[in-house]
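All of the numbers you see were taken from the coordinates with simple rules; none came from a lab. Note that the structure is a prediction, hence the values are computed from the model and not measured. Here the Cβ positions follow ideal geometry from the backbone for every residue, glycine too, while neighbour counts run over all protein chains shown.
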Amino acid sequence: MPIMSVSEAVQRRRSIRAFLPTPVPQATIVEILELARRAPSGGNLQPWRIDVVSDDAAQSLKALMAQRLASGETEEAEYPIYPDALWEPHRSYRYRVGEEMYGLLDAPREDRALRRRHFEENFRLFGAPVGLFFSIDRRFGAPQWSDIGMLMQTIMLLAVEHDLGTCAQECWSLWPKTMRNFLGLGSQEMFFAGMAIGYPNPEAPINSLHTERAPVETFTRFHCSAPGKKDIDQKIGAKWKGDSDPRPFDGPTDVHFHGTEYGG
Ligand SMILES: Cc1cc2nc3c(=O)[nH]c(=O)nc-3n(C[C@H](O)[C@H](O)[C@H](O)COP(=O)(O)O)c2cc1C
């Protein structure tokens with residue numbers, strides 16, 4: 001296993017949406033989880049629950065999802081993935097990642113059927129042999145949900161060290177009943193999200209997607225003394241001007257975001 005700095009792992013991690021069928025040894029998954037449980041959680045509550053689905057179980061889940069998708073039915077989600085009407089600049093961020101992603105897939109906005117087919121790849125784990133599924137006791141609140149995020153990111157960074165790719169997948173929450181039954185969740189458990197994990201397909205164009213991030217000064221307010229301010233000025237050019245948005249929405253204003261079409 002390569003020795004890697006945290007900075008390198010953070011920079012190398014990106015969402016992978018095309019995997020090789022190469023199996024991931026169960027021992028590797030266990031090793032990752034053994035370390036990932038060191039993720040912090042408020043009060044050390046460790047509010048997470050994970051179901052690891054691989055081998056025959058993964059095949060069964062993919063087959064089941066193919067049936068569910070073909071049925072044309074839908075299920076009532078237990079939580080909204082995004083707020084109803086996204087505001088700026090987040091709306092633009094979401095629009096942009098969707099367009100970049102479908103651009104690499106040669107799926108123009110008008111070809112809704114093609115975009116939908118690509119979206120449905122989520123439910124084949126993008127070809128990954130392993131899916132991790134995260135749930136939480138429904139008595140927990142927002143702080144504990146954020147703890148699960150910490151665990152997920154820790155898993156994703158450790159995966160990099162093993163040359164594994166990952167994609168966090170909230171879209172599985174669109175199928176809460178199916179997931180509850182498949183994973184055998186108790187009524188107290190609430191399904192949150194999935195994560196595809198496997199070896200990235202290096203030839204798939206979609207895996208070259210390198211998403212943008214807004215500059216630090218757009219989401220940070222620094223409260224500090226004059227010498228500290230000078231450091232910041234030098235580092236990021238003192239661009240912070242209150243809460244003005246430096247990158248206003250530049251996509252079509254009549255775009256309606258559909259909950260089932262990830263990112264776009
Ligand atoms: C909690 C969570 C859920 C996500 N759900 C999905 C998903 O359902 N499908 C998908 O293709 N990507 C999903 N993503 C990936 C995001 O689109 C991705 O993290 C974002 O665009 C930034 O790109 P990057 O991960 O390559 O840096 C999810 C990410 C997170 C953190």
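If you wrap the tightest convex hull around every Cα atom of segment 1-116 and split its volume per residue, you get 221 Å³.
Between Thr74 and Ser7, how high is the FRET efficiency from 1/(1 + (r/R0)^6) when r is the Cβ-Cβ distance and R₀ = 25 Å? Nearest 0.05.
Numbers: r = 42 Å, r/R0 = 1.67.
My answer for the efficiency is 0.05.
Ranked from largest, the principal axis spans of the Cα set of segment 126-232 equal 58, 43, 23 Å. Near the amide H of Ala39, within less than 5 Å, lie no amide hydrogens of residues on another chain or at least 5 residues away, with H placed in the peptide plane.
Highest mean packing first, where packing is the average number of other Cβ atoms within 10 Å per residue, the peptides 193-205, 87-99 line up as 193-205, 87-99. Taken over the chain, the alpha-carbon convex hull comes to 166 cubic angstrom per residue.
Legend: ranking of residues Thr211, Thr154, Thr166 from fewest to most surrounding C-beta atoms inside 10 Å; resulting order Thr211, Thr154, Thr166. Counting other Cβ atoms within 10 Å of each Cβ, which trypsin sites (Lys or Arg not before Pro) in segment 123-213 have at most 16 and sit in a DSSP loop? When the trypsin sites (Lys or Arg not before Pro) of segment 123-213 are filtered for loop state and at most 16 Cβ neighbours within 10 Å, Arg138, Arg139, Arg213 remain.
The residue among Gln144, Leu104, Pro80 whose Cα reaches farthest toward the positive pole of the charge dipole of the chain, with charges on the beta-carbon of Lys, Arg, Asp and Glu, is Gln144.
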